[in-house]
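Presented below is the structure to which this report refers.
The values are calculated or read from the model by the stated rules, or taken from the named source; none is laboratory data. All values derive from a computational prediction rather than experimental measurement. Positions of Cβ are generated from backbone atoms using ideal geometry, with glycine treated the same way; all protein chains shown enter the neighbour counts. These area figures cover heavy atoms from the full protein model, side chains too; ligands, DNA and RNA do not enter into them. Shrake-Rupley method; radii C 1.70, N 1.55, O 1.52, S 1.80 Å.
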Amino acid sequence: MNHAEFSSDDVVTHFIRGPVDQLPGPHLLHEEAEGSETIMNEPPTVAKPRSRGNRLSSASPVVIVAGGSSGIGLACCRRFAADGATVISGDLRQSAAGQGAGEWIELDVTDPDRWRAIVDSVRTRYGRLDALVNSAGILFEGTVESTSLELWRKVMAVNLYGTFFGCQAVLPLMRQSGGGAIVNVSSVSGIKADAELAAYDASKGAVRLLSKEVALFCARRGDPIRCNSVHPGVVDTPMLTGFFAEATLSSEQQWNNAQPIGRRIVPDEVASLIVWLCSSEASFLTGAEYVIDGGATA
């Protein structure tokens, strides 16, 4: 999964600290992003995340990234870590690419008990939680007629229920911590439908409205917890590569051409936006949707 890069150097992230806890447990599905190959312009060279030194608060923030072993989730882990945050990367498996980008914990996002166990562990070890990024997801082809009930439930379980369980699990600890930020990775497919992605589109559209629900719930309670959704277009990720290897209805070239800017999104570009949404610079932003698609929905 990819994302468009945002200027991260100007972000002042004021979180509060908290490390992470290793727990044995279930597994989590990979973070997702829609993407395919660049067939027009070459993607820009994206600078590697670098530390911003004292620009963070003195107590480092604690962040959970679901789907942190690849794609957008991995890019987020690296960005947060570069800012001095304690990063908990939850995924089904640990990747070599994730070394040094936080502490990996086995997480199955479809298991609410596992979510609660991880949050309880964070509470015990660090006493706080400042941000949650829900980037775990799966992508399958299928029209409204051809999609089986089994596949429909599988996609909903990861993309929608996993996001719901994550939001639900972290709210009490974020409230206890004095506030926090949640960013849910949806998709342009959550805004604009595609005839070949019935279950995926429906799940991502639901994530968009779930994010607004969480935002309004917290705001009306007076909780300083913000929630926004991010909607990437075609992102260059392992998930997308696997999708096109088996796709029969979707065309990789067609997906690439759908982005007027002329290339696929790079995961770091999406991560920069997400990290900014979790920072104090975005303190008045909640219940909003941020599209990063190279002009595809313009």
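So how do 287-294, 105-112, 81-88 stack up, highest first, on mean other-Cβ count within 10 Å?
Ranking the peptides 287-294, 105-112, 81-88 by packing returns 81-88, 105-112, 287-294.
Which order do the peptides 131-144, 241-254 come out in when sorted by mean C-beta neighbours inside 10 angstrom, highest first?
Output ranking for 131-144, 241-254: 131-144, 241-254.
Rounded, prolate or oblate: which fits region 155-243 when a ≥ b ≥ c are the square roots of the eigenvalues of the alpha-carbon gyration tensor, with rounded for a/c under 1.5 and prolate only if a/b beats b/c?
Prolate, since a/c reaches 1.5 and a/b exceeds b/c.
What order do you get for 71-77, 263-269 when each peptide is scored by the mean count of other beta carbon atoms within 10 Å, highest first?
Highest-to-lowest ranking by the protection proxy: 71-77, 263-269.
Rounded if a/c is under 1.5, else prolate if a/b beats b/c, else oblate: with a ≥ b ≥ c from the C-alpha gyration tensor eigenvalues square-rooted, which is region 75-142?
oblate
List every residue whose amide H lies under 5 Å from the amide H of Ile105, counting only residues 5 or more places away in sequence or on a different chain, with H placed 1.01 Å from N in the peptide plane.
Ser89, Gly90, Asp91
Please turn the phi angles of region 252-269 into ³J(HN,Hα) values with the Karplus equation 6.51 cos²θ - 1.76 cosθ + 1.60 (θ = phi - 60°), one per residue in order, whole Hz, x for glycine and proline.
Calculated HN-Hα couplings, in order: 4, 5, 5, 5, 4, 5, 6, 9, x, 5, x, 7, 7, 7, 9, x, 4, 5 Hz.
Tell me, what is the 1.4 Å probe accessible area of Leu273, in Å² to the nearest 10?
Leu273 has an accessible surface of roughly 10 Å² with all protein chains in place.
With Cβ to Cβ distances under 11 Å as the rule, what net charge do the other residues near Gly178 carry (K, R +1; D, E -1)?
After counting each charged neighbour, the total is 0.
Express in Å², to the nearest 10, the accessible area of Trp104 obtained by rolling a 1.4 Å probe over the protein heavy atoms while all chains stay in place.
70
Sticking with the crude label model, points 7 Å out along Cα→Cβ, report the distance from Gln253 to Phe284 in nm, one decimal please.
Distance between the two pseudo-spin positions: 4.8 nm.
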